[in-house]
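> The structure is given below, and queries will be raised subsequently.
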Amino acid sequence: MRDIEALHEPLKPILTVLLATLAPSEGPLLDVGCGTGAKAPLLRSTLELSAPLIGLDCDLEALQEAVTHAGLLAVAGDAHALPLRSACCGAAVCIATLGLLRDQRVALREMRRVVRPGGWVLVVTATTAWVPWSAHMRDWTARLGNRGDLPGELLFTMPEAAADLGALLRETGWSEVRTGAFVIEAGSATQPVLPLLTREHVRRHLTPAKAEEFEAIVACADVALLPLMLAAAGV
Ligand SMILES: C[S@@+](CC[C@H](N)C(=O)[O-])C[C@H]1O[C@@H](n2cnc3c(N)ncnc32)[C@H](O)[C@@H]1O
């Protein structure tokens, strides 16, 4: 497995859940900064894509591989000035790329321009943030996550870490924006990738007794610098 694929392995469970919450793409799906097309199998299977998958990247060598190995329709270009007609795509994803761009607003506006009205975007990018966390809290959320009966929207928490990304999407013409931040358990196959839970969220979804348990855990949590994956989706 290539380096980037190994690095991105922990993102896959989150990506799968996020993609599953989105409507089928009505028209081609655009992968902005597709690289070698490593996410193509996941995008195709989770979204049950029947429309073409278009990969855009400025790296011609990576694009060549995206065509040969992942079967993408390749478009060479710059995310800041997409060489595509307005409203020609059903939806867009931008995975592990936004953070590399010179002007994220320009790129997000460009995505809004080429995605048809009503179509969505999913932006996923990594960062680090200081968040309250502790082994105790981790166990608690792991137990919660393992129950498997939680509503899908639980993954779209509203932690401050992701708020900026949500604000960026709103500023650039996207609406119905949902955001979430997820702890990346890099390098561990056994630890599930867990959603961060906010107080507001917990109150909405848990019984009063469980919410009280959560509050007690938060009260004694450490503040740690964690690698996070930020995600935002908009229409
Ligand atoms: C970390 S890779 C992510 C690749 C792919 N999305 C994935 O998840 O495997 C970032 C990609 O963004 C591309 N990229 C960076 N700046 C770009 C720009 N201004 N326009 C288009 N692509 C760009 C790079 O060439 C690289 O392929």
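The values are calculated or read from the model by the stated rules, or taken from the named source; none is laboratory data. Not measured: the values here are computed from a predicted model. Every residue, glycine among them, receives a Cβ derived from its backbone with ideal geometry; neighbour counts consider all protein chains shown.
> List the pairs whose first member sits in the range 27-40 and is at positive phi and buried (at least 23 other Cβ atoms within 10 Å of the Cβ), whose second member is in a loop (DSSP other than H, G, I, E, B) and at pLDDT 95 or above, and whose Cβ atoms are under 6 Å apart, counting only residues at least 6 apart or on separate chains?
Sorted first by the residue in the range 27-40, then by its partner, the pairs are 37/72.
> Given the conditions (1) in contact (Cβ under 8 Å) with a residue 60 or more places away in the chain; (2) out of contact with any Cys (no Cβ under 6 Å at 6 or more places or on another chain); (3) within 25 Å of residue 173 (Cα to Cα), which single one is not true for residue 10?
(3)
> Spot the failing condition for residue 117; the list is (1) exposed (fewer than 12 other Cβ atoms within 10 Å of the Cβ); (2) in a helix (DSSP H, G or I); (3) at pLDDT 75 or above, and only one is missed.
All conditions are met except number (2).
> What are the residue pairs meeting all of these: first residue in the range 77-91, first residue free of Cβ contacts under 8 Å to residues at least 40 places away in the same chain, second residue among the basic types (Lys, Arg), Cβ atoms under 6 Å, and 6 or more apart or on different chains?
Going by the 6 Å Cβ cut-off, the qualifying pairs are 86/113; 87/116.
> When the residues of the range 178-210 are narrowed to those that are closer than 23 Å to residue 130 by Cα and among the β-branched types (Val, Ile, Thr), which ends up modelled with the lowest pLDDT?
Going through the qualifying residues, I end up with 193.
> Same structure again: In this structure, does residue 132 turn out to be free of Cβ contacts under 8 Å to residues at least 40 places away in the same chain, farther than 14 Å from residue 33 by Cα, under 22 Å from the mean Cα position of the chain (by Cα) and away from the ligand (no atom under 15 Å from the Cβ)?
When the stated conditions are applied, residue 132 does not pass them.
> Whether any residue in the range 50-62 is in contact (Cβ under 8 Å) with a residue 40 or more places away in the chain, surrounded by fewer than 19 Cβ atoms within 10 Å (Cβ to Cβ) and not acidic (Asp, Glu) is what I want to check.
No.
> Oh, and also: Evaluate the following for residue 127: is it more than 10 Å from the ligand (Cβ to nearest atom), in contact with a helix residue (DSSP H, G or I) (Cβ under 9 Å, 6 or more places away or on another chain) and without any contact (Cβ under 8 Å) to a residue 40 or more places away in the chain?
no
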